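To start, the structure itself, in structure tokens.
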């Protein structure tokens, strides 16, 4: 299906099921002639190529395409196999069975490698805050972070292709979701030890099929596909501004450009049919306090689909919903939003404009919003997570990311954190 995706954009806004599902990437050796190089615009150079320490879009873009976690999360929120071929749990024990995944240096991902890779982010030389949170329920965690052990005693190698993980409490799907977090991607400990301080330059080997071939600080990074599908070469090119990246796209010097929600209107009209909406897990909703439920209905002349579509490109979808009956019409209301969620911020700001200021926007941090919501001090919130106790959630738009994609790209998918999945890209023949 052609990825000139204006229909995808409308479908995404209309909250229909995802057209693209992030399925496990096939580990197939590609023998066909090399395909075109994919050039992707980035706004800052990666600060760390260790997935356990990634904290920016540029970091995630590299880490997700070089390394893989045991499991992955699809755009619909389903947990599926990745490096693992099967994950089951009974009681407080999670059993992981491995597939036949190999590393880009030719090695095989074994159960020993997995056990070491799970413990690696907790070592002092890595000390990943994210990994600490995700693995805190594993038996032996406290002994390792306190320095008494250099391994997780709750992670046991059963045989060359099986590992068990014993938790302090009963296992649930929530822990499987933790194993799907990119921060727990399988980085061989032996490669880090062998490479020393410069291991990210010389020993960056994962199971995702791409390896780093060149890193020119302040300019670009180049990656070569060793196996799998997708472009044979990918270059991450640094741009100082969105406008320059779009100009490079128009001049065919750039294949893909990430587009923030607030930047969609800045895309030239002639290029807007190249905008792709790549879904990620979750739905952005308007959450209302129970105290707002009895307020008179908002005029239905402003349906949700009109508000959402005007927020982005000013186009109206033929599919939508009537405006919810919980919004106030006779008094002001404050809508809180996480400042790191750019799409939610734009939605809230647009709502304020459409209500002529009756709705004000309060931008804050997730921690502060959670603290205030727990005390009942927030009446309305726009985001993915329901933070209002006993509130009403009204779906607004699917979570996802917008991209400018070259017309020769037929399909593309995104990872759960929004990074572009290079293996998913197919080209027009």
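Here, each number is a calculation from the coordinates, and none is a lab measurement. All figures in this text were calculated on a predicted structure; none of them were measured in a lab. Cβ atoms come from the backbone with ideal geometry, glycine included; neighbour counts cover every protein chain shown.
Subtract the Cα-Cα distance of residue 222 and residue 158 from 0.36 nm times their separation in residues, and report this length gain in nm to one decimal.
Numbers: separation 64, 0.36 × 64 = 23.04 nm, distance 3.81 nm.
So the extension gain works out to 19.2 nm.
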Problem - As computed over segment 162-224, the Cα convex hull volume per residue (Å³) - result: 147 Å³
Practice task
Using label points projected 7 Å from each Cα along Cα→Cβ, tell me how many nm separate residue 265 and residue 367, to one decimal.
Solution key: 3.3 nm
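Between residue 95 and residue 211, take the C-beta separation as r, use R0 = 22 Å, and let me know the FRET efficiency to the nearest 0.05.
On the way: r = 30 Å, r/R0 = 1.39.
The computed FRET efficiency comes out at 0.10.
Over segment 186-288, what number does the Rg to Rh ratio reach, with both radii from the alpha-carbon atoms and Rh per Kirkwood? Each step should come with its number before you reach the end.
Numbers: Rg = 18.1 Å, Rh = 17.0 Å.
Expressed as Rg/Rh, it is 1.07.
Counting every Cα pair in segment 69-192, what percent are over 20 Å apart? Could you put the intermediate results ahead of the total?
Values: 2878 of 7626 pairs.
For segment 69-192, the share of Cα pairs beyond 20 Å comes to 38 percent.
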Practice task
Any chance you could run the full-extension gain for residue 127 through residue 273? It's 0.36 nm times the residue separation minus the Cα-Cα distance, nm to one decimal.
Solution key: 48.1 nm
Handout entry: Label-point separation in nm, residue 240 to residue 428, each point 7 Å along Cα→Cβ
Key = 3.3 nm
Practice task
Report the extension gain between residue 48 and residue 105 in nm, rounded to one decimal, defined as 0.36 nm multiplied by the number of residues separating them, less their alpha carbon distance.
Solution key: 18.5 nm
Exercise for the section: Pop a pseudo-label 7 angstrom from the Cα along the beta-carbon direction at both residue 198 and residue 342 and give the gap in nm to one decimal. Expected result: 3.5 nm
